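The values are calculated or read from the model by the stated rules, or taken from the named source; none is laboratory data. Keep in mind that what you see is a predicted model, and the values were worked out from it rather than measured. For neighbour counting, all protein chains shown are included, and Cβ atoms are generated from backbone atoms with ideal geometry for every residue, glycine included.
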There are 4 protein chains.
Amino acid sequence: MPKTKEQCEEIREKMKNKITEGAINYFAKNGYAGTRISQLSKYIGIGQGTLYNYFSSKEELFTEILKKLELQNKIGFENLAKVQIDAASKIKLISKSMIEEIENKTITAYSFVLNIRMIEEGTMDNTFTTSYKDTPTKMLRDIILQGQREGSVINGDDNELADYYWSVVHTLALMNVNSKENKTIELNWLNRILLKDR
Amino acid sequence: MPKTKEQCEEIREKMKNKITEGAINYFAKNGYAGTRISQLSKYIGIGQGTLYNYFSSKEELFTEILKKLELQNKIGFENLAKVQIDAASKIKLISKSMIEEIENKTITAYSFVLNIRMIEEGTMDNTFTTSYKDTPTKMLRDIILQGQREGSVINGDDNELADYYWSVVHTLALMNVNSKENKTIELNWLNRILLKDR
Amino acid sequence: MPKTKEQCEEIREKMKNKITEGAINYFAKNGYAGTRISQLSKYIGIGQGTLYNYFSSKEELFTEILKKLELQNKIGFENLAKVQIDAASKIKLISKSMIEEIENKTITAYSFVLNIRMIEEGTMDNTFTTSYKDTPTKMLRDIILQGQREGSVINGDDNELADYYWSVVHTLALMNVNSKENKTIELNWLNRILLKDR
Amino acid sequence: MPKTKEQCEEIREKMKNKITEGAINYFAKNGYAGTRISQLSKYIGIGQGTLYNYFSSKEELFTEILKKLELQNKIGFENLAKVQIDAASKIKLISKSMIEEIENKTITAYSFVLNIRMIEEGTMDNTFTTSYKDTPTKMLRDIILQGQREGSVINGDDNELADYYWSVVHTLALMNVNSKENKTIELNWLNRILLKDR
DNA sequence: CATGAATGAGTATTCATTCAT
DNA sequence: TATGAATGAATACTCATTCAT
């Protein structure tokens, strides 16, 4: 009895997710150049060939991952942007959320690390890198401007400040995700990147 | 006219430096796994074989580079440690110096980037990584403790704060060294990582 | 309503034929080494697994095809051998029939192409190749000898002449079967391979 | 002491020829799909990597070979075209030359076989196939027309006759090059493809 | 010493075959 | 029985290292 089309679709979808999630972790840990397909597939728990049933090459897999992460980020941040509170609270909310992601080594944390890697691996066309950073940066810029009006955020170009903040978050992710110890990051430190004391 | 031993030594030394400097840049840009010996030697402007007259393997070259950078760092910071001024001034001095290095994309800036890469590429035995970070971190810890006594530095574990500060410096290096635009980093932002407002 | 044994047999037989016929075309077009099971099964319009319900391996499928074609050829030619007419007429009959097969791209035409491929792909044990060529060659040899006695066929070793004739037929098949344009082959040209002018 | 540029060029030229010649034989024997790079390089007597220092892929190697053969053919035939003799003599000259090539299994003979393979392997863009056949076919067409005026060549479309003649030559090459026995091909048989008896 | 061509162990990718549904 | 997803052995290709010149 042949499998129905729906069953096949479902199986494929499931496997694709399994691969993507495993690959995000693995790439984040080892980088693009440092990732061996043989190791990656063992890590995911599938045969090497299986991987190629879903992605035509190592590079395509990597690219798809970045696309997926970008999408996730977009969705996560759009919700936050709508809330109607003062900038300082928003920043505290974001920082808290970021630290949680990092400490729990969620997929978002891995995505930060991957993002750093993208900056480094200049070879790959970084269309995704930039677009990837777009949503969070834009959103944060607006909050920074709001905060500067409200007097809670330090002076400086909103764009550069936003970049700076995200850089720090990304690095924190990098430092934690790849180390075995679980460093605690003090929420206050991260807040102070943007917020004035008191 | 056979060359004297000294001349030979000098020539060797010169070539070795040429290789090392080129390799620092290249490794910083491409990481260890992402660096191909063929590309690297072309980048330096020598034959592949030549490289192996000076270093017995890719890994040895990398290791030597890290040693060299560590040494440089040690020397730079030891001098600073002896100065007899208040912690806030020391921190401002360090921050200023770091930003200069980064903006001028000096070898030190590259060393920061390389250091991040070391953290990522967990494969390599990180004896050097840790020892490399040692001197600056230790020195900064002392300054932080001094600053906390003096009331100029924010509260928190000295070790973690030092780590945090260096993380940010490293990130700034990463963001600048590998990008074509020359972002200006505001000195004040970096100081605020450790120093209280006012 | 369970199917009767006969019905089952019939269904199996039908599917087996479907596979064999498709495979003859596909192998003729792409050769043994150039044929991918995945492509072949898509071409036939079945699942990959289905193929393995009928043939235990790619090689077995290929072998079965050769057997089948040999059989067909044998039958076709045995009838011709019995007819009681002069050699020239027989040759003209054969040539006409061959050209028809080729121009209509029948299964026999494909079998010619497959046969050429067999000669090329020296890897496979050629028990079948030789036995496959046997019947037509033997039959033609007899006709050639008859024709040489009758004065209608050119001089030369009967074996080699027969080989030569079949070679030409095979090539004509190759040239036509795999090209989109439909070249007309002049009957006279083929006859002249063996027959003297007038 | 570095090698001079000329030495390098020479070495590379030599090796490229070695590879190309070996590959022509091997591809002719085994076809494109049937050729394993590992086997081919062993057959040539070089490392696998060496091959990739000269050709970027299996396909490029194959393509380059076809180009090379086309060139050779062009040169060989252009000379013949200029001779001022009757068509029958020209055809006899060509046939004699072809049979010699085939019996001695020269590179030209292999090129015929490769050409057949090209026709078969329809996947590959056959720009070369057609251009490859061009020169000989054109030249022969002129001779055929001349011969038909002179009354020595059989009737029929010059283009199709030329194609037919080359088909037979190609087949003869195929039959001989890949078999161990050295079949003798009677010159007369080949001449009769085009020439009337007497 | 400097070079870059040659090498083969290692890595990415393909494909005949298996197997759960 | 039919299916196509999963597999890993086989294959194409890469790259650190060697070595003749």
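Run down A:Lys67, A:Lys16 and say which single residue is more than 14 Å from every other protein chain (Cβ to nearest Cβ) and within 9 Å of DNA strand F (Cβ to nearest atom).
A:Lys16
(1) within 13 Å of DNA strand E (Cβ to nearest atom); (2) in contact with a Lys or Arg (Cβ under 9 Å, 6 or more places away or on another chain); (3) in contact (Cβ under 8 Å) with a residue 24 or more places away in the chain; (4) part of a helix (DSSP H, G or I): which one isn't true of A:Leu80, the others all being true?
(1)
Restricting attention to the range A:155-191, which residues are over 20 Å from the mean Cα position of the chain (by Cα) and either crowded, with 20+ Cβ neighbours inside 10 Å or more than 7 Å from every other protein chain (Cβ to nearest Cβ) (or both)?
Result: A:Asn155, A:Asp157, A:Asp158, A:Glu181, A:Asn188, A:Trp189.
Which residues, counting only those in the range C:89-112, are of a type in the set (A, V, I, L, M) and within 13 Å of the chain's Cα centre (by Cα)?
C:Met98, C:Ile99, C:Ile102, C:Ile107, C:Ala109, listed by residue number.
So B:Asp86 fits all but one of (1) more than 14 Å from chain A (Cβ to nearest Cβ); (2) at pLDDT below 90; (3) loosely packed, with under 14 Cβ neighbours inside 10 Å; what number is the exception?
Going through the list (1) more than 14 Å from chain A (Cβ to nearest Cβ); (2) at pLDDT below 90; (3) loosely packed, with under 14 Cβ neighbours inside 10 Å, B:Asp86 breaks only (2).
Hey, can you tell me all the residues within the range C:6-34 that are of a type in the set (Lys, Arg) and touching a residue at least 40 places away in the same chain (Cβ under 8 Å)?
C:Arg12, C:Lys29
Within the range C:17-57, can you find the residues that are part of a helix (DSSP H, G or I) and farther than 23 Å from C:Asn178 by Cα? Reasoning before the result, please.
Taking the range C:17-57 first, the residues part of a helix (DSSP H, G or I) are C:17-30, C:37-44, C:48-54.
Of everything in the range C:17-57, those that are part of a helix (DSSP H, G or I) and farther than 23 Å from C:Asn178 by Cα turn out to be C:Gln48, C:Gly49, C:Thr50, C:Leu51, C:Tyr52, C:Asn53, C:Tyr54.
So, B:Lys16, is that one surrounded by 13 or more Cβ atoms within 10 Å (Cβ to Cβ) and either charged (D, E, K, R) or farther than 22 Å from B:Met118 by Cβ (or both) or not? Quick ask: steps written out before the conclusion?
Working: surrounded by 13 or more Cβ atoms within 10 Å (Cβ to Cβ): yes; either charged (D, E, K, R) or farther than 22 Å from B:Met118 by Cβ (or both): yes.
For B:Lys16, the condition - surrounded by 13 or more Cβ atoms within 10 Å (Cβ to Cβ) and either charged (D, E, K, R) or farther than 22 Å from B:Met118 by Cβ (or both) - is met.
Taking the range C:28-57 as the search range and keeping residues that are among the polar types (S, T, N, Q) and within 14 Å of chain D (Cβ to nearest Cβ), which one is nearest to the chain's Cα centre (by Cα)?
Across the range C:28-57, the extreme among qualifying residues is C:Asn30.
Would you mind stating whether A:Glu60 is assigned to a helix (DSSP H, G or I), within 21 Å of the chain's Cα centre (by Cα), surrounded by fewer than 16 Cβ atoms within 10 Å (Cβ to Cβ) and free of Cβ contacts under 8 Å to residues at least 60 places away in the same chain?
Numbers: assigned to a helix (DSSP H, G or I): yes; within 21 Å of the chain's Cα centre (by Cα): yes; surrounded by fewer than 16 Cβ atoms within 10 Å (Cβ to Cβ): yes; free of Cβ contacts under 8 Å to residues at least 60 places away in the same chain: yes.
Yes.
Being within 11 Å of DNA strand E (Cβ to nearest atom), surrounded by 11 or more Cβ atoms within 10 Å (Cβ to Cβ), away from chain C (no Cβ under 14 Å) and of a type in the set (Val, Ile, Thr) narrows it down to one residue among D:Ile24, D:Ile11; which is it?
D:Ile11 is the lone residue from the list that is within 11 Å of DNA strand E (Cβ to nearest atom), surrounded by 11 or more Cβ atoms within 10 Å (Cβ to Cβ), away from chain C (no Cβ under 14 Å) and of a type in the set (Val, Ile, Thr).
Picking from C:Lys29, C:Lys74, C:Lys92, which residue would you name as being in contact with an Asp or Glu (Cβ under 9 Å, 6 or more places away or on another chain) and surrounded by 17 or more Cβ atoms within 10 Å (Cβ to Cβ)?
None of the other options fit; the residue is C:Lys29.
State all residues of the range C:28-59 that are more than 9 Å from DNA strand E (Cβ to nearest atom), modelled with pLDDT of 90 or more and within 26 Å of C:Asn104 (Cβ to Cβ); if no residue qualifies, say none.
Matches in the range C:28-59: C:Lys42, C:Tyr43, C:Ile44, C:Gly45, C:Ile46.
Of everything in the range D:35-59, what is among the basic types (Lys, Arg) and either more than 7 Å from DNA strand F (Cβ to nearest atom) or under 16 Å from D:Met15 (Cα atoms) (or both)? Give them in sequence order. Before the answer, list the steps.
Residues of the range D:35-59 that are among the basic types (Lys, Arg), as a first pass: D:36, D:42, D:58.
D:Lys42 - this is the single residue of the range D:35-59 that is among the basic types (Lys, Arg) and either more than 7 Å from DNA strand F (Cβ to nearest atom) or under 16 Å from D:Met15 (Cα atoms) (or both).
Test C:Ser111 against the criterion of being more than 14 Å from chain D (Cβ to nearest Cβ), closer than 29 Å to D:Asn178 by Cβ and away from DNA strand E (no atom under 13 Å from the Cβ), and give yes or no.
For C:Ser111, the condition - more than 14 Å from chain D (Cβ to nearest Cβ), closer than 29 Å to D:Asn178 by Cβ and away from DNA strand E (no atom under 13 Å from the Cβ) - is met.
Given the structure, is B:Thr123 at pLDDT below 85 and either assigned to a helix (DSSP H, G or I) or more than 8 Å from chain A (Cβ to nearest Cβ) (or both)?
Criteria not met by B:Thr123.
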